[in-house]
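Here's the structure, in structure tokens; my notes come after.
The values are calculated or read from the model by the stated rules, or taken from the named source; none is laboratory data. Note that the structure is predicted; figures quoted are calculated from it, not measured. Quick reminder, even Gly has a Cβ in these numbers, built from the backbone with ideal geometry, and neighbours come from all protein chains shown.
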Amino acid sequence: MREYDRLPPELRAWMRAATLPWSPRSCLKIWKQARAKGEEAGVIIGRLERAERRTLEKAA
């Protein structure tokens with residue numbers, strides 16, 4: 001739970017609404033890599049949403 005509590009607020013909000021059970025560690029890794037490239041929070045959230053959508057489509 002501590003890992004989750006340390007996440008940026010935008011990322012925690014996305015994880016709460018996510019359909020799949022994402023791990024805080026994997027989300028934070030994606031977040032940090034994207035932020036290091038200068039991506040804004042909204043762009044990163046969009047990336048996570050697309051990844052989740054693709055995963056769900058594969059399962060269908």
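If Thr19 meets every condition in (1) in contact (Cβ under 8 Å) with a residue 24 or more places away in the chain; (2) within 10 Å of the chain's Cα centre (by Cα) apart from one, which number is that one?
The one condition Thr19 does not meet is (2).
Quick check on the stretch 2-37: of everything there that is among the small types (Gly, Ala, Ser) and part of a helix (DSSP H, G or I), which residue is surrounded by the most Cβ atoms within 10 Å (Cβ to Cβ)?
Ala34
Condition check: of a type in the set (Asp, Glu) and either at pLDDT 95 or above or in contact with a Phe, Trp or Tyr (Cβ under 9 Å, 6 or more places away or on another chain) (or both). Does Glu3 satisfy that?
When the stated conditions are applied, Glu3 does not pass them.
Pull out all pairs, ordered by first then second residue, where Cβ-Cβ is under 9 Å, the residues are six or more apart or on different chains, the first lies in the stretch 35-51 and is over 15 Å from Ala18 (Cα atoms) and modelled with pLDDT of 95 or more, and the second is not in a helix (DSSP H, G or I) and not β-branched (Val, Ile, Thr).
Arg35/Pro8; Ala41/Pro8
Would you pick out the residues in the stretch 38-52 that are surrounded by 11 or more Cβ atoms within 10 Å (Cβ to Cβ) and basic (Lys, Arg)?
Correct list: Arg47 only.
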